[in-house]
Amino acid sequence: MPARDKQRAPHRILGIDPGGHVAGWGLICQTGNKLSLEECGTLRPGSRIEFPERLRRLHQAMGEVIERLQPQAVAIESVFFARHPKAALQLGHVRGVLILAAAERELPIFEYPPATVKKAVTGHGAAKKEQVRDMVNVLLGTRVEGAADKSDALAIAICHAHSGSLLARLKKLDPGPKRRRTTKSVARRSPVRKAK
C-alpha cells in the first residue's frame, strides 16, 4: 500500500480511563487529520463486591469490549499522584487488569499522564473535567453526555492520535541520519576509470 494511502487508512484507537468503581472507554477513528467518534461507554463492576472480584469483572468486560470493537491501538491513563496510598494501589491493580486485557490480544498499548492528556486536548495541563469534555465534543464533532469517565477516555484516545500525528510529521522533517559516503564508496561509484 502506498504511503499516502496508509496515512488515509482509518486507524481505530481505544482510550481507557481506569477506575475501580467506574472505568470509562471510548473508541475513535482517525483518518488522516480527521477524528470521529465510533462508540463510548463505561464498565461498572459493582461497588459492593470484593475487590478481587471487581478486578476479574473489569478484566472480562474490557476483553469483551476489545473483541467487539477491534481497535488497532490502546491508550490508557498512567498512574498519577493520589492523596491516599490505598486508593493509588488499587488504581494500579485496576490499570493492570485493563492493560492485561489488551496485551492478551497483542495490541500496542500507550500510556499518558493526566496533564499530558489535558494539554493535548485543551492546551492546558490543569484543565477542569468540564473543559476536557467540551473540547472532546468540539474535536469529535459530537456531544458526549453522562459520566465524565467516557469523555476522559475519549480525551486519552485523542491525545494518542495527536501524538502519533506529531511523530509522523517530525519523521518527515527529519528522516534520520544520512549515510556518510566514504572515499572508497565515492571511488567505487565514480564513472572515471584510472588510466593504465
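Pairs meeting the criteria (first residue in segment 136-150 and under 12 Å from G26 (Cα atoms), second residue aromatic (F, W, Y), beta carbons under 8 Å, at least 6 apart or on different chains) are K150/W25.
For segment 15-37, the tally of residues that are under 15 Å from H162 (Cα atoms), touching a residue at least 24 places away in the same chain (Cβ under 8 Å) and of a type outside the set (A, V, I, L, M) stands at 5.
Of everything in segment 142-166 that's touching a strand residue (DSSP E or B) at 6+ places or on another chain (Cβ under 7 Å) and not in a helix (DSSP H, G or I), which residue is surrounded by the most Cβ atoms within 10 Å (Cβ to Cβ)? By that ranking, first place goes to V144. What do you reckon, is V138 β-branched (V, I, T), assigned to a helix (DSSP H, G or I) and within 15 Å of the chain's Cα centre (by Cα)? In short, no. Listed by position, the strands (runs of 3 or more DSSP E) enclosed by segment 30-134 that each have at least 1 residues that are among the hydroxyl-bearing types (S, T, Y) and touching a helix residue (DSSP H, G or I) at 6+ places or on another chain (Cβ under 8 Å) are 34-43, 109-112.
Considered as a group, the residues in segment 60-92 that are surrounded by fewer than 17 Cβ atoms within 10 Å (Cβ to Cβ) and touching a Phe, Trp or Tyr at 6+ places or on another chain (Cβ under 9 Å) include one that is modelled with the highest pLDDT, and that residue is L69.
The set of residues from segment 11-23 being aliphatic (A, V, I, L, M) and not in a strand (DSSP E or B) comprises just one member, V22.
Kindly indicate whether A147 is over 20 Å from V22 (Cα atoms) and modelled with pLDDT under 95.
In short, no.
Which numbered condition trips up F110, out of (1) closer than 26 Å to G32 by Cα; (2) without any contact (Cβ under 8 Å) to a residue 12 or more places away in the chain; (3) of a type outside the set (S, T, N, Q)? Just one mismatch for F110, condition (2). You will find that of T122, T142, T116, the residue that is of a type in the set (V, I, T) and farther than 21 Å from A73 by Cβ is T122 and no other.
What do you reckon, is G26 under 18 Å from the mean Cα position of the chain (by Cα) and part of a helix (DSSP H, G or I)? For G26, the condition - under 18 Å from the mean Cα position of the chain (by Cα) and part of a helix (DSSP H, G or I) - is not met.
The values are calculated or read from the model by the stated rules, or taken from the named source; none is laboratory data. A quick note: this is a predicted structure, and the numbers were derived from the prediction, not measured. Virtual Cβ from ideal backbone geometry, glycine too; neighbours counted across all protein chains shown.
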